[in-house]
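Undergrad: The structure that follows is given in the form of C-alpha cells.
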Amino acid sequence: MGRYILRRLLSVIPTLIGVTLVIFLFQRLIPGDPAVAMLGERATEENIARIREQFGLDRPSFLDRDALAEGDLAGFFDSQYSRYFGRLMRFDLGESIHRRIPVAETLKERFPATLELSLLSMSIALLIGIPAGIASASKRNTALDGVTMVGSLIGVSMPIFWLGIMEIMLFSVFLKWLPTGGRLPTGVEIQSITNLLLLDSLLTGNFAGFVAALKHIILPAVALATIPAAIITRMTRSSMLDVLQEDYIRTATAKGLSLKVVLFRHALKNAFLPVITIIGLQAGSLLAGAVLTETIFSWPGIGKWVYDSILGRDYPIVQGVTLLIAIIFLFVNLVVDLSYAILDPRISLE
Amino acid sequence: MEETKFEINGLEDFAVREHRSLWIDAWRRLVANRTAMVGLIVVVLFLLSATFAHFFWDYEPKIDLDYGAKLLPPQLIATEEVDIHLFGTDKLGRDIFRRTIHGGWNSLRVGLVAVSISLLVGGILGLLAGFFESIHMNFWESFILMTLLGFALGMLPAWIARQFFQAILFALLGAGSVVFDRYLNGKKKHRLYIFPALGAMLAALPGLMVGPMVALVCGVVGLLIGLLLSKPVGGELFSNIVMRIMDIILSFPSYLLAIAIVAFLGPGLEKGMIAIGVVGIPVYARLARSAVMSVTQKEYVLASHAVGESHSRMLFRHVLPNILSPIIVQATMGLANAILSAAALGFLGLGAIPPEPEWGAMLGDSYKYLSSGAWWAVLFPGLAIMLSVLGFNLLGDGLRDALDPKIRL
C-alpha cells in the first residue's frame, strides 16, 4: 500500500513537467513575433523591449549552444524555459500585459468564485446523479428507467452555453425572477472569511446576503451541473447493474433481505468505485466548463477572466490559469486513485 | 478440401442459420434498436441537409444583410411586408433558418475532421504500442526502432555541437546494439562498458573541434545515450513513451486545452479542427492499446504466431479487425464531443470568422442582444447543436449494443 502510494505520487512529477512544457510551448504558437502580438501593432519599441526582457524572448527556447561554444556552461542552461520553470517554482506566473498586475495575485482573488460555483455544481450533480442512477438500475426496463436514460443522454448532449443562455432568457428576461449575472447585487455586502459567499453569509448570520448570493449562483450552477449529473447517472446505473448480477446479491435477496438493504448495504458499496473515478474526471470538465458558464453569467471567477484575456490577447493570464486548472485536475485524479487504493485492497496488490 | 466440404454438408441440418458476417449481424441488431434508429435518422438528416445546402443552395454570408428585416420573430406565412422566416431573423436581418442549415456544414465538418485526426494518429499509435507491448519485436523491427531511437537521441549532441553527422553516428550505434545482441550473445556483460564508452567518444571527439566545453557536455550526453542504447529496448519502452505523452495531453481537462491552443493560434475553423483533433488523440490511443492487448492474448493470435505468420499479417488480418468495434463506437461518441467542443470554440469567438455561419458562433452573436427578448435567435442554433450531438450519442449507444452483444446489459 505505502509503496503504491509513493509510486503513484512520483509518477505525477514527469507529467507535471510535461504540462509546464506544453504550457510554455503555447507562446510559440502565436503567429509572428510574440512580443508584437502581445502588445499590438502600435506598441512602442520600449514596451516591446520590456516584454522581450520579461519573457526572456531574447534568449533561446531551451538550451543556448552559442554560450556553450564560448565555454560558458551556466549560460548554456539559461534559456526561456529554464527561466519560466524557475519562476513557476517561486509561484510566479508572470504579470498581466495590460494591467501589469501579477497573475497569481488576481488568481487568488478570483479563484474562490470559481471554486464556489464548481463545488455547488458538483453537489447538485451528485444529488441528482447518484439517486437517479440507483433508481434507474433497480427499476430496470421500466418507464422510470427509460425516462432517466433519455434524460441523461440529453444531458450529455447539452451545449452548456446554450442551456445557460436559455436559462437567462426564461428566468431573467421573460419571468424576471432571477438576475442575469454577477455574483452579488450592488449594495449587498458579505463579510469575507473564506470568500465563498454562500458559506460566509451563513457564518456571519447574514440571511439576506445568503438569499441574494443564492439567487445569483443558482442558474450558473445548474447549467454547469448538467453534464456531470448526466454522466454520473449513467455511470451509477451501469455500475449498479453490473453489481446486481453478482452471486452475492442473489444470495442476499434469497436470504430475505429487504430491497433497501440489498441495494444500499450490499450493492452500492461495490458499485461506487467506478463512480468515484468518474467524479474525479468530471472535476476537470467542471473547471473547463467554467470558462463557458462564467462567460455567460458574468461570474467573476477565473473562467470569465480567461475569456476576457483571450479576447484581450493577454497571454500570461491564459497560460497561468490553464496551468492552475491542469494541476488541480492532476491532483484531483491523484486523490481519486489513492482513495481507490484505500477502498479496494486489491488495487495495491497488483 | 473435399473432406471439409463433406463435413460442413453433414452439419447442415444442425446449422439451420445461413452464414452471416459480423457486420451484417450487427446491422440487423442496430435496425432492431429503436433509439439507435432515431439517432441514425437524425445524423443522416443533418449530414444530408448540410451537404446539400453547401452544394446546391447558394449562400453568400458576406452580402447577406437586411436591416429592414431586423430581429423578426418566426414567420411561417409570407405577407406583403415580410418573407417567410421559419426561424426568424437576427440583428442584421439574416434568415436564421438559412444560416442554421448552412452553419451545419461548418459545425459538422469541424467534428468530422477533428475526429479523423484523433482517430488516425491515436489509433495507429495505440495499435503499435499495444501490439509490440504484448508481442516480441523481431530482428528487423528492433533494428529499425533502435536506429531511429539512436538517431533521435543523437540529434541532441548533434544540435549542441552543430555537427549533424553525430546523429548518424548514433543511429549506427543503435543499429549496432541490435546486431551485437543477436550475433555476439556470449559477451553480454561487456556491452555495459562498451556502448557508453563508444557513445562518449562519438560525441566528444567531434565536439572537440568546436570547443572544450562543448566536448565535455557532448561527452556526458553521449555517455548517457550509449548507456540507453547498450541493450535493445523492446516494444514496452516504445509503448511507455507513447502513453506518457498521452497522459500529459490527458491531464488538461477536455476542451480547455483546445481553447488554449486556439487562443494562442488565433481564431479560425481549421485551427479549431486541428486543436480539437490533437486533444482527442489520447482517447483513441488508450482505447486501441488496451483493445489490442486483450486481443493478442486470444488463441487465434497465438496460433497465427505459432505457425509463423509475419507480424504485419498478424496485425492487419487478426488484430485490427477485432479491435474495430470499440473504436467505431468511440469514434461515433467522439463525433458528438467534437461537435460540442467546436461549438464551444465558436461561441467563444475562436471558431468560424464572421460572417461565416456556424452554430456556436451564431449563439455567441445572439447572446449579445439577449435582453431584446429575441428567443428565436438563441433557440434554433442551440437546438441544432443539441440535436446533432444527441443523434451521434444515440447512434453510438446503439452501435455499442449492436457490435458487442456480450456487454449488452
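The values are calculated or read from the model by the stated rules, or taken from the named source; none is laboratory data. Quick caveat, the model's predicted, so the values are computed rather than measured. No Cβ is skipped: glycine too gets one built from the backbone with ideal geometry, and neighbour counts run over all protein chains shown.
Undergrad: Given (1) in a loop (DSSP other than H, G, I, E, B); (2) of a type outside the set (S, T, N, Q); (3) within 14 Å of chain B (Cβ to nearest Cβ), where does A:ASP92 come up short, assuming only one miss?
TA: A:ASP92 satisfies all of (1) in a loop (DSSP other than H, G, I, E, B); (2) of a type outside the set (S, T, N, Q); (3) within 14 Å of chain B (Cβ to nearest Cβ) except (3).
Listed here are the residues, each with its yes/no results for (1) under 12 Å from the mean Cα position of the chain (by Cα); (2) over 20 Å from A:THR20 (Cβ atoms); (3) at pLDDT 85 or above; (4) in a helix (DSSP H, G or I).
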residue: A:VAL261; (1), (2), (3), (4): no, yes, yes, yes
residue: A:ASN270; (1), (2), (3), (4): no, yes, no, yes
residue: A:VAL275; (1), (2), (3), (4): no, yes, yes, yes
residue: A:LEU324; (1), (2), (3), (4): yes, no, yes, yes
residue: A:PHE331; (1), (2), (3), (4): yes, no, yes, yes
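Undergrad: Then there is this: Report, by residue number, each residue of region A:171-194 that is touching a Ser or Thr at 6+ places or on another chain (Cβ under 7 Å), within 14 Å of chain B (Cβ to nearest Cβ) and free of Cβ contacts under 8 Å to residues at least 24 places away in the same chain.
TA: A:VAL173
Undergrad: Any idea how many residues of region B:205-216 are part of a helix (DSSP H, G or I), surrounded by fewer than 22 Cβ atoms within 10 Å (Cβ to Cβ), within 14 Å of chain A (Cβ to nearest Cβ) and hydrophobic (A, V, I, L, M, F, W, C)?
TA: Residues that pass the stated criteria total 4.
Undergrad: Tell me which residues, restricted to region A:85-100, are among the aromatic types (Phe, Trp, Tyr) and surrounded by 11 or more Cβ atoms within 10 Å (Cβ to Cβ).
TA: A:PHE85
Undergrad: Just to verify a result, which residue in region A:139-183, among those that are hydroxyl-bearing (Ser, Thr, Tyr) and within 30 Å of A:VAL262 (Cβ to Cβ), is surrounded by the fewest Cβ atoms within 10 Å (Cβ to Cβ)?
TA: A:THR142
Undergrad: Taking B:GLN75 and the conditions (1) at pLDDT 75 or above; (2) in contact with a His (Cβ under 6 Å, 6 or more places away or on another chain), which numbered condition does it fall short on, given that it satisfies the others?
TA: Result: B:GLN75 fails condition (1) only.
Undergrad: Let me ask another. Under 7 Å by Cβ, and 6 or more places apart or on different chains, what pairs join a residue from region B:230-254 that is more than 9 Å from every other protein chain (Cβ to nearest Cβ) with one that is surrounded by fewer than 20 Cβ atoms within 10 Å (Cβ to Cβ) and not in a loop (DSSP other than H, G, I, E, B)?
TA: As it stands, the answer is B:SER230/B:ARG191; B:SER230/B:LEU192; B:SER230/B:PRO196; B:PRO232/B:ASP181, since those pairs meet every condition given.
Undergrad: Here is a further query. Within region B:293-313, can you find the residues that are over 16 Å from B:VAL329 (Cβ atoms), in contact (Cβ under 8 Å) with a residue 12 or more places away in the chain and in a helix (DSSP H, G or I)?
TA: B:MET293, B:TYR300, B:VAL301, B:SER304, B:HIS305, B:HIS311
Undergrad: If you go through region A:195-216 one residue at a time, do you hit one that is outside any helix (DSSP H, G or I) and in contact (Cβ under 8 Å) with a residue 60 or more places away in the chain?
TA: Yes, region A:195-216 contains at least one residue that is outside any helix (DSSP H, G or I) and in contact (Cβ under 8 Å) with a residue 60 or more places away in the chain.
Yes or no, residue by residue, for (1) more than 14 Å from every other protein chain (Cβ to nearest Cβ); (2) touching a residue at least 40 places away in the same chain (Cβ under 8 Å):
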residue: A:VAL103; (1), (2): yes, yes
residue: A:ALA135; (1), (2): yes, no
residue: A:ASN141; (1), (2): no, no
residue: A:THR148; (1), (2): no, yes
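Undergrad: Now, a different point. Please list, ordered by first then second residue, the pairs with beta carbon atoms under 6 Å, 6 or more apart or interchain, first in region A:1-22 and in contact (Cβ under 8 Å) with a residue 40 or more places away in the chain and within 12 Å of A:ASN333 (Cβ to Cβ), second surrounded by 10 or more Cβ atoms within 10 Å (Cβ to Cβ) and of a type in the set (Val, Ile, Thr).
TA: A:THR15/B:ILE248
The rows are residues; the columns are (1) closer than 30 Å to B:PRO212 by Cβ; (2) of a type in the set (A, V, I, L, M).
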site: A:GLY2; (1), (2): no, no
site: A:ALA74; (1), (2): yes, yes
site: A:SER79; (1), (2): yes, no
site: A:ARG90; (1), (2): no, no
site: A:HIS98; (1), (2): no, no
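Undergrad: Of everything in region B:353-395, what is crowded, with 23+ Cβ neighbours inside 10 Å and touching a Pro at 6+ places or on another chain (Cβ under 7 Å)? Give them in sequence order.
TA: B:PRO357, B:TRP359, B:ALA361, B:MET362, B:LEU363, B:GLY382, B:ILE385
Quick grid of which residues meet (1) out of contact with any Asp or Glu (no Cβ under 7 Å at 6 or more places or on another chain); (2) over 28 Å from B:GLY396 (Cα atoms); (3) loosely packed, with under 15 Cβ neighbours inside 10 Å:
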{"position": "B:ILE248", "(1), (2), (3)": "yes, no, no"}
{"position": "B:PRO253", "(1), (2), (3)": "yes, no, no"}
{"position": "B:GLY268", "(1), (2), (3)": "yes, yes, no"}
{"position": "B:TYR284", "(1), (2), (3)": "yes, no, no"}
{"position": "B:GLY308", "(1), (2), (3)": "yes, yes, yes"}
{"position": "B:SER312", "(1), (2), (3)": "yes, yes, yes"}
{"position": "B:SER325", "(1), (2), (3)": "no, no, no"}
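Undergrad: Taking B:ALA200 as the residue in question, decide whether it is more than 14 Å from chain A (Cβ to nearest Cβ), part of a helix (DSSP H, G or I), of a type in the set (Gly, Ala, Ser) and in contact (Cβ under 8 Å) with a residue 24 or more places away in the chain.
TA: Judged against the criteria, B:ALA200 is a match.
Undergrad: Ok, one more. Any residue that is out of contact with any Phe, Trp or Tyr (no Cβ under 7 Å at 6 or more places or on another chain), within 12 Å of chain B (Cβ to nearest Cβ) and surrounded by 24 or more Cβ atoms within 10 Å (Cβ to Cβ) - is there at least one of those in region A:264-284?
TA: yes
Undergrad: Restricting to region A:294-317, and then to whatever is within 11 Å of chain B (Cβ to nearest Cβ) and small (Gly, Ala, Ser), can you tell me which residue is surrounded by the fewest Cβ atoms within 10 Å (Cβ to Cβ)?
TA: This residue is A:GLY312.
Undergrad: What is the number of the single condition among (1) part of a loop (DSSP other than H, G, I, E, B); (2) away from chain B (no Cβ under 14 Å) that A:ILE51 does not meet?
TA: (1)
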